[in-house]
Structures are given as C-alpha cells and as structure tokens.
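The values are calculated or read from the model by the stated rules, or taken from the named source; none is laboratory data. No experiment lies behind these values; they were computed from the predicted model shown. Positions of Cβ are generated from backbone atoms using ideal geometry, with glycine treated the same way; all protein chains shown enter the neighbour counts.
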Amino acid sequence: MTSIGKILILSGLVLIVVGIVFTLGAKVPWFGRLPGDICVQKKNFTFYFPLTTSIIISIVLSLILILLRRR
C-alpha cells in the first residue's frame, strides 16, 4: 500500500507544478509562440498547434523523470 501512497503524492506534486506553469505561463511572452509553432488563421477559423513548444516541454519532462529515476 505504500507504493499507492507514493504514486498519489507524486501525482499531486505534478498537478501543483502544472498549475503553477499555467498560472505563470501567461507572463512569459515567448511561451507558446516559438518558431515552429503552427498557426493558421482564416476569416472565421483559427487553428493553432504549438509543435515546438510541445517538443520542448516533452524534453524537459523527460529529463526530469530520468533524473528522478536515477535516485
């Protein structure tokens, strides 16, 4: 049962970090507007896919998880 507790605590910490990133994300002007992010604007339609931002977030999260597993 202690492994379930650890998973719940880790999940809570991840949710806290995600909440902080969403809160502070609006204050970082380049976050989500990097070169390579796809934005298509038409008259009544806007499609936005943050490809480069997603790749950077994936790399950072992978590095964090690798460092946590090495302990």
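Taking the options V28, V60, V17, name whichever one is among the aliphatic types (A, V, I, L, M), in a loop (DSSP other than H, G, I, E, B) and surrounded by 10 or more Cβ atoms within 10 Å (Cβ to Cβ). Going through V28, V60, V17 in turn, the sole match is V28. Summed over segment 21-60, the residues that are modelled with pLDDT of 85 or more and out of contact with any helix residue (DSSP H, G or I) (no Cβ under 7 Å at 6 or more places or on another chain) give a count of 22. Return yes when L68 is assigned to a helix (DSSP H, G or I) and over 15 Å from the mean Cα position of the chain (by Cα) and no when it is not. Yes.
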